[in-house]
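The values are calculated or read from the model by the stated rules, or taken from the named source; none is laboratory data. All of these numbers come straight from a predicted model, not from anything done at the bench. All Cβ positions, even for glycine, are placed from backbone atoms using ideal geometry, and neighbour counts span all protein chains on display.
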Amino acid sequence: MDMHMNPEQKSGRKSQNSGGGIKGWIEYRLPIFSFLDHSLGSQYPAPRNLNYWWNFGSIAGICLVMQILTGLFLAMHYVPHGTMAFDSVESIMRNVNYGWLLRYAHAVGASMFFVVVYIHIFRGIYYGSYKAPRELLWWFGIVILLLMMATAFMGYVLPWGQMSFWGATVITNLFSAIPGVGESIVHWLWGGFAVDNPTLNRFYALHFVLPFVIVAVVVLHIWALHVHGSNNPLGIDVKTPQDTIPFHPYYTIKDCLGFGVFFLIFSWFVFFAPNSLGDPDNYIPANPMITPPHIVPEWYFLPFYAILRSMPDIGIPFTDIVFVSSKLAGVVGMFGSILIFFFLPWIDRGTVRSAAFRPVTKLLFWLFLIDCLVLGFVGSQPPEGIYLLIGRIALAYYFAHFVMLWYISRREKTLPLPESISKAVLASADHHR
């Protein structure tokens, strides 16, 4: 066949197979290296003013990889059976080489994952990263959060301790509040008529699969990010080549510093306080005959748990007429508190993205953040007395925030925006000299 090829074809074929060594050989057949360079390397332009708040997206990716890897090794030794699950977890801690490290890294990693993602989301809210043309990017981020919550909840059930069992019982029972089909949904989730071995098996299967679904949505999230590029602290669009710098090496080095700080904090929790973020009742085997005095979820669910418990009956005041029970209202409020973020690009009608140039919106942001922290605290306390009152006030403000944002964003007087990213960066550099 080579006899019929001209010299140019022969030389081209030779260069394709041997010109760039192993890297060139792979690149010709699967252009993975050029793809990475265009996506995350020196050919990917990023705004030149990104600060360290932008590190949390990359750190979230590291957290996801850690959770998948530690989860895979734990799955090799875990037994998803109602009579053996608790003992298998204890066996991992005591008998498997470095099993204690795998379990603590997985448990602490879940908390760190939520810390990083919550910071990432609030950074996006402050700098208006949900605004056009990045609405789909924002939506994919909220979908990732919902998948994380489902995965974390099912993972918390797997140790089959007291809090695992009763947490599963309380949360799955919430669906019974749905008129007509609620009971059927609950029995389908349980796989029977109570939380038992079929429930554990279902949660184990879903907990194993969902992280890979998260990976798929993360790919879409990154894809959407690369279409219009990253937002920036000024919230203005890239206008000239001087407004950008290559992602590598400038931001890869910055990310590496962020990784170092993150792993220091992560390692401290793993080696010195691995159980500080959990509940001690989960070291007691599950017992359906003994209800814990105070059932609380993991800390990252506490604000939504507070919303669930703070909802009152909806009806005519000072009468016994109730249109919507507190249980159903709580379920609607809890899910609504997350789903409302899907509409944030249209709730906020302001033309300026970054809250740095929107004084009233900036104030609303900090009040909203404080309100979320208050809800988290209330969620950790018994739903009675002063805590119930504080919870209802915080709940009312939570949803009122979006109404105020919709109203103010259309009338707010904003500060003047810089002409370009590069001019703002150079002006800031001259100011600090």
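Selection of segment 305-335 for residues being among the aromatic types (Phe, Trp, Tyr) and either buried (at least 21 other Cβ atoms within 10 Å of the Cβ) or farther than 20 Å from VAL403 by Cβ (or both) yields TYR305, PHE318, PHE323.
ILE295 falls short on exactly one of the conditions (1) among the hydrophobic types (A, V, I, L, M, F, W, C); (2) without any contact (Cβ under 8 Å) to a residue 40 or more places away in the chain; (3) assigned to a loop (DSSP other than H, G, I, E, B), and that condition is (2). Of the helices (runs of 4 or more DSSP H) lying entirely inside segment 80-194, those containing at least 1 residues that are touching a residue at least 60 places away in the same chain (Cβ under 8 Å) span 85-94, 99-126, 135-157, 162-173. Screening MET76 against (1) surrounded by fewer than 16 Cβ atoms within 10 Å (Cβ to Cβ); (2) modelled with pLDDT under 95 leaves a single unmet condition, (2).
Condition check ((1) in contact with a Gly (Cβ under 6 Å, 6 or more places away or on another chain); (2) over 18 Å from ASN51 (Cα atoms)) across all residues:
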site: PRO241; (1), (2): no, yes
site: PHE247; (1), (2): no, no
site: TYR250; (1), (2): no, no
site: PHE263; (1), (2): no, yes
site: PHE269; (1), (2): no, yes
site: SER276; (1), (2): no, yes
site: ASN282; (1), (2): yes, yes
site: PRO288; (1), (2): no, yes
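Does at least one position in segment 336-349 carry a residue that is buried (at least 19 other Cβ atoms within 10 Å of the Cβ) and over 25 Å from MET149 (Cα atoms)? Within segment 336-349 (the criterion being buried (at least 19 other Cβ atoms within 10 Å of the Cβ) and over 25 Å from MET149 (Cα atoms)), the answer is yes, since at least one residue qualifies. Filtered by the rule that a residue be surrounded by fewer than 18 Cβ atoms within 10 Å (Cβ to Cβ) and under 23 Å from ALA356 (Cα atoms), segment 109-138 gives TYR118, ILE119, PHE122, ALA132, PRO133, GLU135. Restricting segment 33-57 to residues that are more than 22 Å from the chain's Cα centre (by Cα) and aromatic (Phe, Trp, Tyr) leaves a set whose member that is nearest to SER428 (Cα to Cα) is TYR44. The helices (runs of 4 or more DSSP H) found wholly in segment 306-409 and carrying at least 1 residues that are charged (D, E, K, R) and more than 20 Å from ILE119 (Cβ to Cβ) occupy 326-339, 385-409.
Conditions (1) of a type outside the set (Asp, Glu); (2) at pLDDT 95 or above, marked per residue:
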residue	(1), (2)
PHE357	yes, yes
VAL360	yes, yes
PHE368	yes, yes
PHE399	yes, yes
LEU405	yes, yes
ARG410	yes, no
GLU419	no, no
SER428	yes, no
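Every residue in segment 350-363 that is of a type in the set (A, V, I, L, M) and crowded, with 19+ Cβ neighbours inside 10 Å, please. VAL352, ALA355 - these are the residues of segment 350-363 that are of a type in the set (A, V, I, L, M) and crowded, with 19+ Cβ neighbours inside 10 Å.
For VAL215, state whether it is in contact (Cβ under 8 Å) with a residue 60 or more places away in the chain and either in contact with a helix residue (DSSP H, G or I) (Cβ under 6 Å, 6 or more places away or on another chain) or assigned to a helix (DSSP H, G or I) (or both). In short, yes. Residues that are aromatic (Phe, Trp, Tyr) and surrounded by 15 or more Cβ atoms within 10 Å (Cβ to Cβ) were ranked within segment 204-245; the one that is farthest from the chain's Cα centre (by Cα) is TYR204.
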